[in-house]
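One structure is given here, and the rest of the page talks about it.
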Amino acid sequence: MKIDNFVLENWLNPACESEKNKVYLGGSCVLPLTVEELFELTGESLEDFLEEVKHMNLGYANFAGTPRLRRAVAKLYREVRPEDVVLVHGGTGANNTVVMTLIEPSDNIISIMPNYQQFDSIPKSIGTEVRQVDLKPEAGYRLDLNEVRQAVDSNTKAILFTNPNNPTGALLSLEEMEEIAEIARSVDAWVVCDEMYRGLKDEYMPSFADLYDKAIVTCSSSKIYSMAGTRVGWIICRDEELRRELFNRRSYDSICGGVFDEWIFAIALEHADKIFARSRSIVRKNKAIVDQWLKGHKYVHQYAESYGTTYLIHYDLDVDAEKFCDGLLDKKGVLVCHGDCFYMPHTFRLSLSHAEKLEEGLRLIDEYIGELAAAGKGMK
Ligand SMILES: Cc1ncc(COP(=O)(O)O)c(C=O)c1O
C-alpha cells in the first residue's frame, strides 16, 4: 500500500537530532519528565516502584490492557468506563488503528484542516474520498459548520480532526462540538477526534467521548503528560462491536502494550491533576513570552487563541515555509516546524511547551527575519 510522505515526522525528527539544532522550538510535547521527577511530582515512592519492577513478570502485558491503567484513563472523562478503553502503541498507533479499522475505499470522510496527517493520508492511501474543510485563519481558526454540513452525505463514514487543533491550538466550544455531533448523527457518521492536547484549561474540558455515542477519541502519554517515551496511546470507543474490531486490528499490529510502559503511566495518570498543573504552568509562562514578542511585530502574527502547546505563526516574507525553516536552522541554529507539514504555506509551528531557550530563540528568529527583509524578501 503506497502512502504519502509523512512530512512532519520525516522532516522534524531528523532535524531535531541534527548537530545544527541548538535551540529547539519545534516540538509539541510538554518538557518531558524524568523518572525521578515523576515520582517527586506525584509523591509516590520510587523505591516501592523499583521493588515492584524487580519482580515484574516480563511476559506479555494483559491483552485487554493493565486494569489499573484502563481505570485511570476512564477517569479523564465523564461518560467513559474502563472497558471502553483500548490501549495501543502511542497516539500514532491509536489513530492508525482507528482509521484502518473504520474506513473503507467506498466511503468518503471529512478531514478538518489543518489536521494530523494520519487522518488525511491513510484514508487517501486506501482509496477513500477525502473531503477537506478548512479552519479559517482570519476568523481565529474557527470552523464554518455550514461547510461541514454541506460536505457530509449518506456515504460519509466519519469526520476526522484534532481538538485542540494541532498546530493552531484552536479549541471548539461545547456548542460547536454538539453541532458537529448533530451533523454526524444526521448522516449516521462517526466522529473521530484526536484529543492529544486536551487538558490545558483549568476547568474540565469536554471530550467527544462524553457527547456522542458514535465518537471515537484518541489520546496518548506524549503531549500534556510529558511521557512520550512510554508510547502509551489509547482509544475511547463506547461501541462494543467496533471495540472488538479495534482489538482485532491491534492484534495485527502489536498484540498488546508494554508492561513497564503501562505500569509507570498508570502511576502517573493517577496523579493527572499534578501533571496538568505542571504542564499548564510551563505553557502559560512560554505563552506570555511569545505573546509579548508578537505584539506589534512587523513580519509575524498568529490568529488563534491557543489551547494547545504550540502557535502557528504566519510570516509576511516571500520565502517558502520549508526553505524558511531550513535557513533558520542553518544560519541561526533554531529549529521550528515548517508549515508545509500542515499544508499551511508561509507559516511555522512554534513550541510553547518545550522551550528552555525560548527568548534566545525568538531573538535569533528576529535576526533572521531582519536579514531576509534586508535582502528584499519582506512583503510589507
Ligand atoms: C495531533 C497529534 N496526534 C498524534 C500525535 C502522535 O502522538 P504519539 O507521539 O503519542 O504517537 C501527534 C504528535 O505530534 C500529534 O500532534
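Could you please find all residues in segment 189-216 being outside any loop (DSSP other than H, G, I, E, B) and either more than 12 Å from Val98 (Cβ to Cβ) or within 12 Å of the ligand (Cβ to nearest atom) (or both)?
Once the filter is applied, which keeps residues that are outside any loop (DSSP other than H, G, I, E, B) and either more than 12 Å from Val98 (Cβ to Cβ) or within 12 Å of the ligand (Cβ to nearest atom) (or both), segment 189-216 yields Val192, Cys193, Asp194, Phe208, Ala209, Asp210, Leu211.
For segment 361-380, which positions are more than 18 Å from Trp293 (Cβ to Cβ) and surrounded by fewer than 16 Cβ atoms within 10 Å (Cβ to Cβ)?
Hits for segment 361-380 are Ala374, Ala375, Gly376, Met379.
Could you tell me which of the residues Ala139, Ala72, Ala61, Ala158 is at negative phi and touching a Cys at 6+ places or on another chain (Cβ under 7 Å)?
Ala61 is the lone residue from the list that is at negative phi and touching a Cys at 6+ places or on another chain (Cβ under 7 Å).
Take Asp134 and decide whether it is over 30 Å from Ala61 (Cα atoms), in contact (Cβ under 8 Å) with a residue 24 or more places away in the chain, surrounded by fewer than 20 Cβ atoms within 10 Å (Cβ to Cβ) and out of contact with any Phe, Trp or Tyr (no Cβ under 9 Å at 6 or more places or on another chain).
no
Here is a check on your reading of the model: is Ile236 away from the ligand (no atom under 14 Å from the Cβ), hydrophobic (A, V, I, L, M, F, W, C) and in contact (Cβ under 8 Å) with a residue 12 or more places away in the chain?
Yes.
Having 1 or more residues that are within 16 Å of the ligand (Cβ to nearest atom) is the bar; report the strands (runs of 3 or more DSSP E) wholly within segment 65-153 that clear it.
By residue number, 85-89, 108-113.
Would you confirm whether or not segment 228-246 contains a residue that is under 15 Å from Lys201 (Cα atoms), aliphatic (A, V, I, L, M) and modelled with pLDDT of 95 or more?
Scanning segment 228-246 turns up no residue that is under 15 Å from Lys201 (Cα atoms), aliphatic (A, V, I, L, M) and modelled with pLDDT of 95 or more.
Regarding segment 297-313, can at least one residue be identified that is free of Cβ contacts under 8 Å to residues at least 60 places away in the same chain and either within 30 Å of Asp213 (Cα to Cα) or surrounded by fewer than 22 Cβ atoms within 10 Å (Cβ to Cβ) (or both)?
Taking every residue of segment 297-313 in turn, at least one turns out to be free of Cβ contacts under 8 Å to residues at least 60 places away in the same chain and either within 30 Å of Asp213 (Cα to Cα) or surrounded by fewer than 22 Cβ atoms within 10 Å (Cβ to Cβ) (or both).
How many residues does segment 270-303 hold that are in a loop (DSSP other than H, G, I, E, B), of a type in the set (Ser, Thr, Tyr) and modelled with pLDDT of 95 or more?
Looking only at that region, the number is 1.
The values are calculated or read from the model by the stated rules, or taken from the named source; none is laboratory data. None of the values given here were measured: they were computed from a predicted structure. Because the Cβ atoms are built from the backbone with ideal geometry, glycine has one as well, and the counts that use them run over all protein chains shown.
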